[in-house]
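Structure first, then comments.
The values are calculated or read from the model by the stated rules, or taken from the named source; none is laboratory data. Here the structure is a predicted model, which is why all the values come from computation and not from measurement. Note that we place each Cβ from the backbone using ideal geometry, even for glycine, and neighbour counts take in every protein chain shown. In case anyone asks, the SASA skips ligands and DNA or RNA and just uses the protein heavy atoms, side chains included. Shrake-Rupley method; radii C 1.70, N 1.55, O 1.52, S 1.80 Å.
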Amino acid sequence: MDALTWGDRFLTGLERIDEEHRRLFELVSAFGELISREAGVSRAQIETMLDEVATYARNHFVDEEAVMKDAGVDERFATAHQRQHARFLL
């Protein structure tokens, strides 16, 4: 069972960003499945998966923020979106 379910409502119309969003959903879902197991999960496995999610997210956020800047997205929206990225990584 996926912790997050991908759907068309998350599509931006930008192929690279959409692919990165989908992969991020997959990683978060895999992490959710890992930590919801009743037995057999080590702290090291959890930390490894969490590091993978965080690293991928950081890389994606850099890409997405660059795309927004290059596209001339309104600074107010871009700043609010960057705050959402920062909260995700807390």
> When you scan region 62-84, how many residues do you find that are more than 18 Å from Leu14 (Cα to Cα) and open to solvent by less than 50 Å² (accessible area, probe 1.4 Å)?
Replying inline: 2
> Given (1) open to solvent by less than 60 Å² (accessible area, probe 1.4 Å); (2) under 12 Å from the mean Cα position of the chain (by Cα); (3) of a type in the set (Asp, Glu), where does Glu19 come up short, assuming only one miss?
Replying inline: (1)
>> Which numbered condition in (1) more than 19 Å from Val67 (Cα to Cα); (2) over 12 Å from the mean Cα position of the chain (by Cα); (3) open to solvent by 60 Å² or more (accessible area, probe 1.4 Å) is the only one that Ile46 fails?
In response: (3)
> Does His60 satisfy the condition of being touching a residue at least 40 places away in the same chain (Cβ under 8 Å) and touching a helix residue (DSSP H, G or I) at 6+ places or on another chain (Cβ under 6 Å)?
Replying inline: yes
